[in-house]
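The values are calculated or read from the model by the stated rules, or taken from the named source; none is laboratory data. As the structure is a computational prediction, the values presented were derived from the model and not from experiment. A quick note on method: Cβ atoms are made from the backbone with ideal geometry, for glycine too, and the neighbour counts reach across all protein chains shown.
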Amino acid sequence: MPTPEKNTTDSVLADHRRELILDALEKGGQCRVSDLAQQFSLSPMTVRRDLQVLEEQGRLRRVHGGAVLVDSEIDYPLRAREGQTQKQRIGRHAAELIRNGMVVYLDSGTTAMELARRIREGLPDVYHLSIVTHGINLAMELAGHPAYDVHLIGGELYRNGLATVGPVALAQVGQLHFDLFFMGARGIDLEAGWTNANQLETQLKHAAIERSRQVCAIADSTKWGQRGFVSIVPFERVSTWVCDDDLPHNARTAAEDAGIELLLAS
């Protein structure tokens, strides 16, 4: 008969194994049972059981021969079309916070892309600017402005975010200092704070926050009351929040109570 200690150990090992499976899934967006079995030296039956448990937890969806991320991890092109007008307004308003000589970190994401597009147009009285990002498409967009320095963080490819993540990316961010971090989020509520859909990218957000003088959230009003898979930081941790003016009254009150400077883009 198994001892309580053995049951506890087995449970910890299983939890760790499933986190590794989720990490692999987050990097590629989808995984095959055979590939997971080979990568982690597991039997296909063990992988299938783990996928079943993770599906029951709402963390993935099983398909024939493997698994895919749950629907909360929407493909980038689909996210880019959602609320585009609001994101454009937020991007233009957020750009007004940038000052000459700053070192700015831009998160990946569709709202950050609108900010990058505004920066590419050129900012008044900003002649020297260093921009760091792990967003691959953001770096390509910003490359169109030759007067600003652009630094792309390297690392492993996170396909659904068109971004880099992982240990190499974390190490690079950990060596830098930023005046301002423009942070995106997949959800916002008072209990969970600012949340994200991808665990690996959330680690990078943490690192950028720790290296930044100021943190400015760029998130539209539809994110209020939503909750992503992973918590980034408590609600009150950001100093500024740029949002569209459809933000409900209770969210505005919550920001004021938390000491967050709320800037509404209309």
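Considering the range 165-188 alone, what residues qualify as being part of a strand (DSSP E or B) and modelled with pLDDT of 95 or more?
F178, D179, L180, F181, F182, M183, I188
Only one of V104, V150 is at pLDDT 95 or above, buried (at least 17 other Cβ atoms within 10 Å of the Cβ), in contact with a helix residue (DSSP H, G or I) (Cβ under 7 Å, 6 or more places away or on another chain) and assigned to a strand (DSSP E or B); which?
Exactly one residue qualifies, and that residue is V150.
Does A255 count as small (G, A, S), touching a strand residue (DSSP E or B) at 6+ places or on another chain (Cβ under 9 Å) and either under 25 Å from N160 (Cβ atoms) or at pLDDT below 95 (or both)?
Values: small (G, A, S): yes; touching a strand residue (DSSP E or B) at 6+ places or on another chain (Cβ under 9 Å): yes; either under 25 Å from N160 (Cβ atoms) or at pLDDT below 95 (or both): no.
For A255, the condition - small (G, A, S), touching a strand residue (DSSP E or B) at 6+ places or on another chain (Cβ under 9 Å) and either under 25 Å from N160 (Cβ atoms) or at pLDDT below 95 (or both) - is not met.
Which residue, of I232, I218, is of a type outside the set (D, E, K, R), surrounded by 16 or more Cβ atoms within 10 Å (Cβ to Cβ) and over 21 Å from E96 (Cβ atoms)?
I232
I'm checking my understanding of the structure. Among residues of the range 207-234 that are at pLDDT 95 or above, assigned to a strand (DSSP E or B) and β-branched (V, I, T), which one is farthest from R252 (Cα to Cα)?
Per the stated criteria, the residue is I232.
Kindly indicate whether M140 is assigned by TED's automatic domain parsing to the domain that holds F235 and touching a residue at least 12 places away in the same chain (Cβ under 8 Å).
Answer is no for this residue.
Can you name the residue in the range 60-101 that is of a type in the set (V, I, T), out of contact with any Gly (no Cβ under 9 Å at 6 or more places or on another chain) and at pLDDT below 95 and is also surrounded by the most Cβ atoms within 10 Å (Cβ to Cβ) among such residues? Before you say what the answer is, go through the steps one by one.
At the first step, the residues of the range 60-101 found to be of a type in the set (V, I, T) are 63, 68, 70, 74, 85, 90, 98.
When the remaining residues are screened for being out of contact with any Gly (no Cβ under 9 Å at 6 or more places or on another chain), the result is 63, 74, 85, 90, 98.
Checking which are at pLDDT below 95 leaves us with 63, 74, 85.
Details: V63: 12, I74: 15, T85: 10.
Within the range 60-101, the match that is surrounded by the most Cβ atoms within 10 Å (Cβ to Cβ) is I74.
Assuming T3 fulfils every condition listed in (1) more than 20 Å from G109 (Cβ to Cβ); (2) at pLDDT 65 or above apart from one, which condition is it?
(2)
Based on what the data block shows, is H134 surrounded by fewer than 18 Cβ atoms within 10 Å (Cβ to Cβ) and either closer than 17 Å to D107 by Cβ or touching a residue at least 60 places away in the same chain (Cβ under 8 Å) (or both)?
no
Can you tell me which of L204, L247 is outside any loop (DSSP other than H, G, I, E, B) and among the hydrophobic types (A, V, I, L, M, F, W, C)?
Unique residue meeting the criteria: L204.
For every residue, the table says whether it meets (1) in the same structural domain as A197 (by TED's automatic domain parsing); (2) of a type outside the set (A, V, I, L, M, F, W, C); (3) modelled with pLDDT of 85 or more.
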site: V12; (1), (2), (3): no, no, no
site: L20; (1), (2), (3): no, no, yes
site: D23; (1), (2), (3): no, yes, no
site: K27; (1), (2), (3): no, yes, no
site: R32; (1), (2), (3): no, yes, yes
site: R49; (1), (2), (3): no, yes, yes
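Counting only residues that are of a type in the set (K, R) and free of Cβ contacts under 8 Å to residues at least 40 places away in the same chain, which one in the range 223-266 is farthest from I188 (Cα to Cα)?
Applying the filter and picking the extreme gives R252.
Can you name the residue in the range 17-56 that is outside any helix (DSSP H, G or I) and of a type in the set (A, V, I, L, M, F, W, C) and is also surrounded by the most Cβ atoms within 10 Å (Cβ to Cβ) among such residues?
If we take residues in the range 17-56 being outside any helix (DSSP H, G or I) and of a type in the set (A, V, I, L, M, F, W, C), then C31 is surrounded by the most Cβ atoms within 10 Å (Cβ to Cβ).
Looking only at the range 235-242, decide whether some residue is in contact with a Cys (Cβ under 9 Å, 6 or more places away or on another chain), in the same structural domain as Q88 (by TED's automatic domain parsing) and part of a loop (DSSP other than H, G, I, E, B).
There is at least one residue in the range 235-242 that is in contact with a Cys (Cβ under 9 Å, 6 or more places away or on another chain), in the same structural domain as Q88 (by TED's automatic domain parsing) and part of a loop (DSSP other than H, G, I, E, B).
Just give me the residues in the range 170-200 being buried (at least 16 other Cβ atoms within 10 Å of the Cβ), aliphatic (A, V, I, L, M) and more than 22 Å from L69 (Cβ to Cβ), in sequence order.
Passing the criteria: V173, L176, L180.
Tally the residues that are polar (S, T, N, Q) and in a helix (DSSP H, G or I), restricting the search to the range 107-128. Working first, answer last.
Kept after step one, since they are polar (S, T, N, Q), are these residues of the range 107-128: 108, 110-111.
Cutting the leftovers down to in a helix (DSSP H, G or I) gives us 110-111.
So the count comes out to 2.
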